[in-house]
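Enquirer: Sharing a structure below in structure tokens format, with a few things to ask.
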């Protein structure tokens, strides 16, 4: 058992004065189980004893469905000398166990299973936080995301979303604008934050409080568009961005003065013409240094 989980149980035992873990009251077990990861809930805890198995079935244990770093095959091989547990089946089991009360769902960065996205999202109407995949092992799986804008009308309590700007970005934000009045936080993974992406943010979610952008390139004009349109920002995180501007720029300083936390690791590019001729920047290992790779084949994203 993971040491952090063991520590949580030890503290509970001390507080409750119980000597045997299997004698802990079910309500107490459920509260503890609700704080552990999905892998432990599926692979470890139910196998300890009958009372733990029973407690693990409570939907309250499954409110936070974080599948981002799921390594079930490895765990099963260690325990049972087999890898015969499909992650897709495990995800479905977790969703079924949540009985529709899950408030947080985080998919792995890379989507490798067909039909799993819609299966999960259709069964989570209480969503408050959603992390969508932004890489696809098979290009055919990109269309899996088409279900997202169609389902947003069910998520009245959605507050936070992490997604790629490459897939149904405007369609998703349009539906959020219509149906999700509590929405406050957006995280965007983008090869290039285009004017269209910046405009969609300003048009459909202008009242967000928290915005994080990870991008190979963010143009100064697009940053200024976001700053002028999203005046309620309390956090702006650009740590994973490269751009053609300096955050000490007087105009940028003035536009961000009201933001409580403005975090930027942006590197000012020496030559904007490299971008215009199909070269995107990559961080090198050296501090504030930039290297480039040829992107002529994907210049269409510009």
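Nothing in this text is a laboratory measurement; each read-out follows from the coordinates by a stated rule. For clarity, every value in this text was computed on a predicted model and none was experimentally measured. Quick reminder, even Gly has a Cβ in these numbers, built from the backbone with ideal geometry, and neighbours come from all protein chains shown.
Enquirer: Counting other beta carbons within 10 Å of each residue's own, what order do 52, 155 fall into, fewest first? Don't jump to the answer; show the numbers that get you there.
Expert: On the way: 52 18, 155 23.
Lowest count first: 52, 155.
Enquirer: Calculate, in nm to one decimal, what residue 89 and residue 210 gain on full extension: separation in residues at 0.36 nm each, minus their alpha carbon distance.
Expert: Taking 0.36 nm per residue and subtracting the Cα distance, the gain is 40.2 nm.
Enquirer: Label points 7 Å out from Cα along the Cβ direction at residue 246 and residue 263: separation in nm?
Expert: Result for the modelled spin labels: 2.5 nm.
Enquirer: Sort 234-241, 250-257 by the packing proxy (mean of other Cβ within 10 Å over each peptide's residues), most packed first.
Expert: Numbers: 234-241: 17.2, 250-257: 12.8.
Ranking, from highest mean packing down: 234-241, 250-257.
Enquirer: Please find the FRET efficiency linking residue 156 to residue 50, where r is the Cβ-Cβ separation and R0 is fixed at 45 Å, and quote it to the nearest 0.05. Mind showing how you got there, number by number?
Expert: Values: r = 38 Å, r/R0 = 0.85.
For R0 = 45 Å, the calculated efficiency reads 0.75.
Enquirer: How do 32, 226, 116, 178 line up, fewest other C-beta atoms within 10 Å first? Please list the in-between numbers first.
Expert: Values: 32 17, 226 23, 116 20, 178 11.
Arranged by neighbour count, lowest to highest, 32, 226, 116, 178 become 178, 32, 116, 226.
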